[in-house]
Amino acid sequence: MKMETENTDALRSEIAELKLQLEEARDTIEAIRTGQIDAIIVEHDTGHRLYTLKSADHTYRAFIEKMTEGAVTLDKNGIILYSNSRFASLLGIPLEGLIGVPLVNLFPDELKAEFRRLLMTGWLEDVKAELELLGHGGKRIPFLLSLTTLDLEDGTAMSIILTDLSPLIENRNVLKAKNDELEEAQRIAAHLNAELQKTIKDRTRDLLISQGNFKFLSDNIPVIVWTADANGEFDYFNQQWMEYTGLSMEESLDSNWVAAIHPDDLERTMDTWRNALLTGTDFETEYRLRNCSSGEYLWHLAKAIPFSDDEGQIMTWLGTKTNIEDQKQELAKKDEFIGIASHELKTPLTSLKGYLQLISSYKKEDVPATIRQFSSRANEAIGKLARLVNDLLDVSKIQTGKLAFSKSPLSLNTLIRSCADNARFMYPDYTIRIEHTSDVVLHGNQERLEQVIMNLINNSVKYSPVNKDIILSTATDGETVKVSVKDFGIGLSDHQKDRIFERFYRVDDKNYAASGLGIGLYISAEIIKAHQGKFGVDSKLHEGSTFYFILPING
Ligand code: ADP
């Protein structure tokens, strides 16, 4: 029992002793840090050693305590005699953990040798270097170390100022990243620039070549070529134009080109050209152009197409004028031949009809049945022939401006009904319906309008081999009346629609061949024109067509 009490007392006094020592150590460190004491005892493997600082170091310590940099003082062996609190906080290590520790311990292994070399140099001369130290948790912190020696009472010590380079390096990294970005952007810009220069060079070369080619070609083809800007101002005429018209380039560009066009064709030509400019669509027309050497006006086909940029803005117009005088003359000869031939055919045709009428006027019993049959077939064939010859005669009359006919008031309903009855009789396989009638009285030629409607019905039958429905209808807005013939046949493409009213135009469809001369619609359109009306078609390929004409009611 006594033993136990003795042990407890010994332990208690030992603890009190240790507490005292700890208290003293703390006070010592604080006193060193604040400069209250000048000496420190550091325990080494070889025993305790006493370090003292000159009194002048008070000022030194007061000064470095306020610095934003870390500062340490080392003895000859590189042991930290003193550290300011800033260095401890930069490393994140308590100050007590630094004093008496060899500074080299705070460096990563691979940098320890370098630090030792630096320290050796530092003893000889002031030196600086960038090195990383290990902070709390092994964190590597970059520092700039500035080494300089200090004279202490018991010898020389090493003073090291440690500047934390982290913000600097971070800035340096940001700067480097920005610089790298800038360099990359510069590199891309330089690359783009080089590409652009190459493109410009290529384009310029292409342009020169194409300009040269264009000029060479346009001056060496037997066609007049011109170009105009987006507003229709002419900016180029080729050699052919100047040779043909006798106008100089300046005169031509100065609007004198109009002088070369036949006065009768000028207004129509200008209207077509203005319309093309306004709508940006292809220009096409025919007019007579004066030849300077003969003084003759020769027919030309004028065409122009617009060229647009990537945004669809018209940049330039390229036009040609082709001499079509020979074709025009050929066509005139053909028209003349058609006129004479149809006229000459008309006389024997009329006689033939007369003889056939004579045969049919015989009593039934006087004529054998077979002859009667042949005569009725001959009558049908003569009817077809007469229609063809009449059509050709009409074309010829239109060409010579002689398609004249009288007009009188007529009932549209009666006209439509009579055409429908006629068609039902001619085409018993087809269903011909009348829809939406308008009982208007027209001022026109009964026979010619019947010819137009019958031509439309004939075409509907001809070009609707499968679906055999045909619908006739009329509609009025009080001032005009629209007459339509609708079928569900082979229909027409947009391109075909544009051309079917031309003389002798027929759709070239290998899958579907129907006989005809390609003049029915041409004559019909001319008849409607002579009634101050308009002709038109709505159609879709393989779905059917609706041909119509619009007439003024009080025309
Ligand atoms: P054609 O004697 O050839 O029928 P037209 O002048 O009457 O001459 O017609 C011209 C062309 O228009 C025809 O060849 C045909 O290709 C086309 N056409 C006319 N009517 C129709 C229609 N109802 N459906 C489809 N194509 C048609």
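The values are calculated or read from the model by the stated rules, or taken from the named source; none is laboratory data. What you see is a predicted model; the values in this text were computed from it and never measured. Quick reminder, even Gly has a Cβ in these numbers, built from the backbone with ideal geometry, and neighbours come from all protein chains shown. These area figures cover heavy atoms from the full protein model, side chains too; ligands, DNA and RNA do not enter into them. Shrake-Rupley method; radii C 1.70, N 1.55, O 1.52, S 1.80 Å.
I'd like to check something: does the range 401-424 contain any residue that is in a loop (DSSP other than H, G, I, E, B), out of contact with any Pro (no Cβ under 8 Å at 6 or more places or on another chain), open to solvent by less than 80 Å² (accessible area, probe 1.4 Å) and closer than 20 Å to Ser545 by Cα?
The answer is no; no qualifying residue exists.
Which one of the conditions (1) modelled with pLDDT of 95 or more; (2) surrounded by 16 or more Cβ atoms within 10 Å (Cβ to Cβ) does Ser438 fail to meet, given that it meets all the rest?
(1)
Report yes if some residue within the range 513-534 is of a type in the set (Phe, Trp, Tyr) and modelled with pLDDT under 95; otherwise report no.
yes
Consider Phe504 against the criteria (1) open to solvent by 20 Å² or more (accessible area, probe 1.4 Å); (2) of a type outside the set (S, T, N, Q); (3) in contact with a strand residue (DSSP E or B) (Cβ under 8 Å, 6 or more places away or on another chain); (4) within 11 Å of the ligand (Cβ to nearest atom): it satisfies all of them except one. Which criterion is unmet?
Every listed condition holds for Phe504 apart from (3).
Are there strands (runs of 3 or more DSSP E) fully within the range 136-249 with at least 2 residues that are open to solvent by less than 100 Å² (accessible area, probe 1.4 Å) and in contact (Cβ under 8 Å) with a residue 24 or more places away in the chain? List them.
Qualifying strands (runs of 3 or more DSSP E): 140-152, 155-164, 224-229.
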